Amino acid sequence: MTNTTGMTAGATGMTHTPDAPGPVPPPVPTTIDEAVEFILRASGPVALFGRGGDTPEACLRAGRRAYRTLARTVHPDAVPADRRPDAQAAFTRLGHLWERYQREIAGETVGRRAVVTTRKHIYSVGKVHARGDIATLSEVTYAGTGDAGAGGTGGAGVAGSGAAEAGALLKIPRSVADNDLMEREATALRRLAREGEDRFAAYVPRLVETFRHRDGVGGGLRRANVIERVHGFRSLAEVRAVCPDGLDTRDVAWMWRRLLAALGYAHRAGIVHGAVVPDHVLIHPHDHGLVLVDWCYSVVTGTDGSGGAAGHVPAMHVPAVVDRFVDMYPPEVAARRSPDAATDIYLATMCMTYLLRDDAPRPILRFARGCTLPGQSRRPHDAWRLLGELDELLERLYGPRRFRPLRIPTPYNTDEHP
């Protein structure tokens, strides 16, 4: 891909060589205070990331190492509560400067946008939307290509201005070693669309297309997924960051119910998500919607996801974990045992207790403990049945269900999610 606005090195065609290597990246602070000051006082991208090489690729490799170190240090979820405002400001500025750095190193052409052409669509690539665990998501607009060329590999060029029919997110892994995870996501989303019940389809993003994209830098083929974009959603991690004391149980209740419905939908289609962590659960505070994203860690388990269906073949293990939520995973993941519906139920429950205030009713906490037992076989395996039990418990505690507006502070970063 050439002249790609805001893309990472893994999907950027860098065709020029800087006039001189320039300064190497400065020493990267490792304490919160030093890192926050370093980022907020930086005069520009090079002050943070330097030019640690005589080629664009070398510069980006060195810059990426500095970016990752700083991002881990100032991430709002990784700092004490009293430092979150400063850390959030630094984290946001760090992201903006990293985008600028990549554009400058890649030699972005002003007024033009990269295009990726596949058999189905022509995608006009815009700015970076988010950086996930393994991939970078960029905003794209697209229209059907009609009579396109054969083959399943995306090619790249440069587009001018023009109207587009739809918007989505182009998801490309930062390393070709993660192509298999992208393929897992595509497999899961296709299976859900094919075998899941249509009335629950809104709980997962729609896969627009998956294709192989040839890396303009080194010629490597990367598996790219184009994912439907949703608007107005926030991750549970973002909600927790702006509500450090947690939420009222009645607010968590509707998220819990919808998350169990999303899992029930997936498990009946024979899919275990494998990474139900706060970054991957998106909620719409006003409309009470929920979308479960990032299916890169998913496992096809058989006919119903429970691990006990007739003719079931033992599933592969969950391929990786999200490092910053590693303490949320059940024992079978670390042990690389086959996951099942109980694995997702454990993770979902941990997400909900992550949101609860300290004054959560004891019956709710007992319910949660029953879903997070260490023994995989001792936990609930039927998300739909568990949803019914949760509804009965909530009715005993609070009476009949009624809509309860969720009011949370405005996040520092108002970018929308995939």
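Please treat every number below as a calculation from the coordinates, not as lab data. None of the values given here were measured: they were computed from a predicted structure. We place every Cβ from the backbone using ideal geometry, glycine too, and count neighbours over all the protein chains shown.
The table that follows gives values for the structure above.
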read-out	value
Mean Cα-pair separation over length for the range 234-398, i.e. relative contact order, pairs under 8 Å, 6 or more apart, %	27 percent
For peptides 332-338, 262-268, 402-408, sequence by mean Cβ density within 10 Å, most packed first	262-268, 332-338, 402-408
Whether the range 328-418 is rounded, prolate or oblate, judged on the alpha carbon gyration tensor where a/c under 1.5 counts as rounded	oblate
Mean Cβ count within 10 Å, highest first, over the residues of peptides 388-400, 195-207, 173-185, 124-136	124-136, 173-185, 195-207, 388-400
Estimated inter-spin distance, HIS317 and ARG65, nm [label 7 Å along Cα→Cβ]	2.9 nm
Label point 7 Å beyond Cα of PHE403 along Cβ direction - residues of the range 225-265 with amide nitrogen under 16 Å	251, 254-255
Ordering of 237-245, 288-296 by packing [mean C-beta count within 10 Å, highest first]	288-296, 237-245
Pairwise label distance in nanometres, ALA335 with TRP384, each label 7 Å out on the Cα-Cβ vector	2.9 nm
Fully extended contour minus Cα-Cα distance, from LEU373 to HIS288, at 0.36 nm per residue	27.7 nm
